[in-house]
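Structure first, commentary second.
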Amino acid sequence: MYENNKLDEAKYFYQKMIKEFDDRQGFTYNLSAFLSSARSVLQYANEEAKTKQGGQRWYDQRVGQSNVLSFFKDKRDINIHDKPIHPTKLTSFAPTVTIGIKLKASVVVRDAQGNIKSQSSTETPQTAAKPPVTQAPAEVKVLYLFSDWTGSEDVIALCQKYIDELEKFIADGIKQGFITG
């Protein structure tokens, strides 16, 4: 009945997570809100579906078949009933270095007997005794990860995958007549 409303709420907190990505506390608070609102999609669907013949079976199968839906269902339950979720923050640094290089090429043209007919060489100009080395600021990449997720997705990518799964779940539930959305 309120599944789409709660999904919109989850999308709102997902956008906030992206905007506050560099603020670990803000990111984590919005992740918590995302987990709760997204989990409410499934809770409302379960309450509505179980009142219809075959609805509970449909719900259990859909949630059980999706490792993403099951994973996030458990994450939210841990976050509410056990302890706050704090994803692992992984920071990597990649320095950017540019090195100047001096190139030299020589060409020798010989006749059939091996005698040198012409010879030339070229060299790139160099203004200093050593090639210049410049270093740009290092590229810093930050990822948040769920250490217990078996896939390769970071938290942001996995939350988007969860949203996509919830959209499919709602569409299927409406199509099957188990929920109104």
Net length gained if the chain between Asn5 and Leu145 were fully extended (0.36 nm per residue, minus Cα distance): 47.7 nm
Rel. contact order, % - alpha carbon contacts under 8 angstrom, at least six apart, the chain: 25
Residue with peak Gaussian network fluctuation, the chain [Cα springs, cutoff 10 Å], from Ala49, Ala171, Ala94: Ala94
Reach of Lys11 by Cα under 16 Å, taken over aspartates and glutamates that are not fewer than 8 positions away in the same chain: Glu3, Glu20, Asp164, Glu165, Glu167
When each of Lys19/Lys73; Lys50/Lys161; Lys52/Lys73; Lys83/Lys175; Lys16/Lys52 is checked by Cα-Cα distance, pairs over 28 Å: Lys83/Lys175; Lys16/Lys52
Charge dipole magnitude, Cβ of K and R +1, D and E -1 - the chain, Cα centre, debye nearest 20: 540
Around Asp148: net Lys/Arg minus Asp/Glu count, Cβ-Cβ under 15 Å: -1
Label-point separation in nm, Ile174 to Ala157, each point 7 Å along Cα→Cβ: 3.0
Efficiency of FRET between Tyr29 and Lys52 - r from beta-carbon atoms, R0 41 angstrom, step 0.05: 0.65
Value at 222 nm in deg cm²/dmol, rounded to 500, when DSSP H runs of n ≥ 4 in the chain each add -39,500 (n - 2.57): -17000 deg cm²/dmol
Formal net charge of residues neighbouring Lys75 (Cβ-Cβ distance under 15 Å; K, R +1; D, E -1): -2
Net charge of neighbours whose Cβ lies under 12 Å from the Cβ of Lys11, counting Lys and Arg as +1 and Asp and Glu as -1: -2
Cβ-based charge dipole, the chain, positive-most Cα from Tyr44, Thr88, Asn67: Thr88
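Coordinate-derived values only; no laboratory data. Everything numeric here is computed off the predicted structure, so don't read it as measured data. Positions of Cβ are backbone-derived with ideal geometry, glycine not excepted, and every protein chain shown enters the neighbour counts.
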